[in-house]
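**Student:** I have a structure I would like to understand better, so I am pasting it below and will then ask my questions one at a time.
What follows is calculated from the coordinates using simple rules that are stated; it is not laboratory data. Bear in mind the structure is a predicted one, so any value in this text is a computation, not a measurement. Here the Cβ positions follow ideal geometry from the backbone for every residue, glycine too, while neighbour counts run over all protein chains shown.
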Amino acid sequence: MTSRLEIDALVCGHAERALFAPLTATLAAGDIVRVAGDNGAGKTTLLRTLAGLLTPLSGTFRWSTDGRASRAGLGFIDHDNALSPVLTPVENLSAVLRLHRNTSGVDEFQIVHTLAALGLKRVAHKPCRALSAGQKRRTALARLWLASCRVWLLDEPAAALDQASRERLARQMQIMADDGAAILYSTHQALNVTDTQVIELSR
Amino acid sequence: MTGTGFKRWFHRFGSLPYFYDVSARWAVWLAVPAVVLIGYALVAGLFVVPPDYQQGDVFRIIYIHVPSAWLSLFGYTAMAVAGVVALVWRLKIAEIFIVAAAPVGASFTFLALVTGAIWGEPTWGTYWVWDARLTSELILLFLYLGVIALHQAIESPRTAARACALLSIVGVINVPIIHYSVVWWTTLHQGSTVSLTGGSKMDADMLWPLLAGALGFTFLFGWLTLWGMRVQLLWRERRSRWVMKRITHG
Amino acid sequence: MAEPVSFWAMGGYASYVWSAYGIAAVVIVANIAVPFVRHRALLRRIRREEFIDD
Amino acid sequence: MTSVFSAVLQRDLTVALRQRGTLVHHLMFFVLVVALFPLGTNTDGTVLVAVAPALIWMGVLLSVLLSLNDLFKADHEYGMLTQYLIADEPLAIIVAAKVLAYWLTSGAIFVITGPVLVLMLGVPVAALPVMIAALALGTPVLAMIGAIGSALTLSLPRAGLLLSLLIFPLYVPVLIFGAGAMRAAIVGLPVAGALYVLGALCLLAVTLAPWVIAAALRVGLDT
């Protein structure tokens with residue numbers, strides 16, 4: 001199952017004000033595309049538009065999986081980590097994973113195992129409000145290991161991560177790309193992944 | 001109109017600069033019939049039509065009350081239809097229509113309520129009677145105020161208009177349900193009160209001014225809403241080039 | 001034609017009929033005036049290029 | 001399809017049960033509104049009995065209004081709503097699960113405590129079954145319509161008062177038939193008609209509202 005994204009002269013913005021010049025690009029299986037641009041250039045707006053949350057000002061974009069137009073199997077990790085402070089990391093992750101059709105079979109053991117690999121074994125069963133920003137970010141990123149999505153949109157995945165976690169994140173992104181997933185991400189800190197393409201958002 | 005003809009017209013009609021220019025001319029075609037019809041309705045209603053044998057001259061308020069009551073319903077239904085168009089075809093003109101029509105509809109609903117109350121006083125002895133129509137009219141006013149308040153509360157104009165579109169659709173589904181439940185409630189409550197227009201069958205010369213008045217009010221509603229749309233359009237597109245072009249040399 | 005003398009009296013209901021028509025006139029005039037005033041004010045603001053930077 | 005429904009339902013119920021405080025607050029508000037009202041009237045029972053149905057329903061309406069903003073607000077803040085919107089499963093199913101969880105933690109409580117409170121207002125015990133039926137059929141409609149208003153005012157920081165203006169007019173049919181059924185029960189008139197209409201409203205709300213709520217969420221978040 002391979003997914004593709006074609007962007008044609010897309011312009012995003014808020015309240016009729018365009019944030020960047022019309023953008024044309026494609027994202028195919030195995031690509032790692034980095035969205036570059038300084039603060040406020042519209043990186044988050046672009047990602048949220050491609051995820052289908054915002055309507056673009058003009059231009060179009062088309063998702064297709066094996067030729068059929070569909071946005072199934074899309075993974076989106078943005079600034080807020082979709083973690084309810086009352087629930088534990090395990091409960092939060094199983095709730096989010098159940099939303100994807102192809103990963104609803106993940107059981108608690110796999111979740112705890114992945115959290116342990118990310119150094120979160122001690123806090124796996126504590127309410128998320130007790131976690132630090134870095135721990136919350138790693139819990140949110142655990143979805144990269146657990147959900148087998150074909151396309152990933154990552155909004156500054158490396159935010160609040162220490163050096164070791166950034167290395168682990170970069171390695172996992174590389175593995176997923178080699179495995180045929182398509183990744184579109186924005187970041188401020190450099191991540192040593194081989195970007196197949198860099199989209200520069202300029203006015 | 002062939003398929004492509006309609007599509008081209010639909011997109012041109014949908015394009016905002018085209019609408020802004022053309023609406024000035026359309027306004028005339030709405031204003032003239034409005035003035036003529038309302039003029040005829042008022043003149044006939046106040047002078048020509050003989051007083052009602054039961055209520056005497058106070059019944060002449062009908063020539064304002066019924067047209068505005070009709071307009072309150074017509075306006076809200078029009079907003080709901082525009083809501084469907086705005087949400088399904090994402091047509092900005094339809095969004096702008098809803099936002100412009102809401103205050104006009106609300107003021108005529110208010111007018112229907114006030115004239116109903118004024119008319120009720122001599123007829124029933126109190127200004128407010130929980131009559132089925134008046135109560136439904138009051139709730140309809142709240143529905144209008146809800147749309148207006150929602151539009152003012154939401155920051156971005158696009159989201160505000162689309163939220164109002166959805167609220168109008170939900171509202172219009174509820175209007176008949178609300179009316180039915182109010183009628184059930186009033187009949188249960190105090191038996192069927194004499195309806196405002198009285199049981200007497202309206203004979204022809206009383207009826208014509210009424211129909212003319214209602215039609216005239218509808219044209220007036222169209223004219224007022226059209227102007228409201230032009231203002232909304234300028235506000236939402238104030239930064240775009242076509243507005244600058246038309247304004248600086250206009 | 002109702003005789004002009006009692007026209008204003010409206011058969012004793014003058015206050016009701018004319019207050020209703022008066023309020024109707026006020027509502028209609030207000031609905032005409034508001035868009036016009038706003039339209040002109042908006043034109044003035046746009047001409048003064050107030051929105052270029054905001 | 002059903003796995004997502006039960007997953008979302010289970011998650012929301014867990015969240016609600018871990019914050020038992022808010023449940024108690026909603027219940028206390030309802031009890032206070034109904035319990036303190038008689039202090040404002042003279043003590044002869046006939047007035048209270050006559051006004052009891054209206055008081056119970058207004059108490060339920062106000063409590064629902066107050067408890068509505070924690071329906072989507074929390075998930076919106078933590079970004080969970082974003083995940084719901086881009087999920088593969090239809091949003092209407094997820095929303096239906098959320099509203100059911102919300103109803104279980106608020107509406108259902110009013111259905112149980114309402115009749116008990118109404119005894120304080122001097123309503124004959126014989127009328128209690130109808131009261132329970134009316135509340136059980138009416139509160140889901142309040143939850144569903146309230147959820148539409150809550151979704152529309154999602155992006156607003158303080159939407160409480162606006163929410164009441166949006167949804168109270170839509171609550172009128174439930175108020176009329178709910179209180180109407182109770183009044184008929186108190187005086188022994190037939191109640192079938194009012195309860196059937198309430199049932200119809202309930203069915204209409206439960207089947208149509210989730211799609212409207214889903215659309216409202218997409219519109220509300222599209223800023």
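**Student:** Using just the helices of chain B, give the 222 nm mean residue ellipticity in deg cm²/dmol: DSSP H runs with n ≥ 4 each add -39,500 (n - 2.57), and the total is spread over all residues, rounded to 500.
**Tutor:** -28000 deg cm²/dmol
**Student:** Where in the range A:1-30 does the label zone of A:Asp66 land, with the point 7 angstrom along Cα→C-beta and an amide N cut-off under 12 Å?
**Tutor:** So the set is A:1-3.
**Student:** I need D:Ile86, D:Ile132, B:Ile178 ordered by Cβ neighbour count within 10 Å, fewest first.
**Tutor:** Going from least to most buried by this count: D:Ile132, D:Ile86, B:Ile178.
**Student:** Once you keep just the Cα pairs under 8 angstrom separated by 6 or more residues, what percentage relative contact order results for the range A:7-60?
**Tutor:** 49
**Student:** Over chain B, what relative contact order in percent results from Cα pairs under 8 Å that are six or more residues apart?
**Tutor:** The normalised contact order for chain B reaches 33 percent.
**Student:** At 7 Å along the Cα-to-beta-carbon direction for both A:Ala28 and C:Arg47, put a label point, then send me their distance in nm to one decimal.
**Tutor:** In this crude spin-label approximation the distance works out to 5.7 nm.
**Student:** Give me A:Ser94, C:Ser19 sorted ascending by neighbouring Cβ count inside 10 Å, so fewest comes first.
**Tutor:** C:Ser19, A:Ser94
**Student:** Separation between the A:Asp107 and D:Phe5 pseudo-spin-labels, each 7 Å from Cα along Cα→Cβ, expressed in nm?
**Tutor:** Here the modelled spin labels are 2.6 nm apart.
**Student:** While we're here: Taking 8 Å as the Cα distance limit and 6 or more residues as the minimum spacing, I'd like the relative contact order of the range B:71-194 as a percentage.
**Tutor:** 34
**Student:** A follow-up question, please. Give me a comma-separated list of calculated 3J(HN,Hα) values for the range B:120-130, in order, Karplus coefficients 6.51, -1.76, 1.60 applied at θ = phi - 60°, integers in Hz, x for any Gly or Pro.
**Tutor:** Each residue of the range B:120-130 in turn: x, 4, x, 6, 10, x, 9, 5, 10, 10, 6 Hz.
**Student:** Separate question: Specify whether the C-alpha gyration tensor of the range B:24-249 places it in the rounded, prolate or oblate class, a ≥ b ≥ c being the square roots of the eigenvalues: rounded for a/c under 1.5, otherwise prolate if a/b is larger than b/c and oblate if not.
**Tutor:** Note, shape of the range B:24-249 comes out oblate.
**Student:** Okay, next question. Return the average number of partner chain Cβ atoms within 10 angstrom of each residue Cβ along peptide B:157-167.
**Tutor:** Mean inter-chain Cβ contacts per residue within 10 Å come to 6.
**Student:** Determine the shielding of peptide B:234-240 by partner chains: average, over its residues, the number of Cβ atoms on other chains within 10 angstrom of each Cβ.
**Tutor:** 5
**Student:** Please give the average number of partner chain Cβ atoms lying within 10 Å of the Cβ of each residue in A:86-93, rounded to a whole number.
**Tutor:** Counting other chains' Cβ atoms within 10 Å and averaging over A:86-93 gives 3.
**Student:** Right, something else. I need the phi-derived Karplus couplings for the range A:106-115: 6.51 cos²θ - 1.76 cosθ + 1.60, θ = phi - 60°, integer Hz, Gly and Pro marked x.
**Tutor:** Per-residue couplings from phi come out as 5, 9, 5, 4, 4, 4, 4, 4, 5, 4 Hz.
**Student:** Further question: Please rank A:Met176, D:Met80, fewest neighbouring Cβ atoms within 10 Å first, as an exposure proxy.
**Tutor:** Fewest to most other Cβ atoms nearby, the residues stand as A:Met176, D:Met80.
**Student:** Related question: Provide the per-residue ³J(HN,Hα) series for the range A:6-15, in order, calculated from phi with Karplus coefficients 6.51, -1.76, 1.60 and θ = phi - 60°, each as a whole number of Hz, with x at glycine and proline positions.
**Tutor:** Once rounded to whole Hz, the list reads 10, 10, 10, 6, 7, 10, 10, x, 10, 6.
**Student:** Using a 7 Å offset from the Cα along the Cα-to-Cβ direction at both C:Ala14 and D:Phe29, what is the distance between the two label points in nm, to one decimal?
**Tutor:** With each label placed 7 Å out from Cα toward Cβ, I get 5.4 nm.
**Student:** Can you list residues whose amide H is under 5 Å from A:Ala36's amide H, if they're 5+ apart or on another chain and H is modeled 1.01 Å from N?
**Tutor:** Excluding prolines and chain starts, which carry no amide H, the hits are A:Ile199, A:Glu200, A:Leu201.
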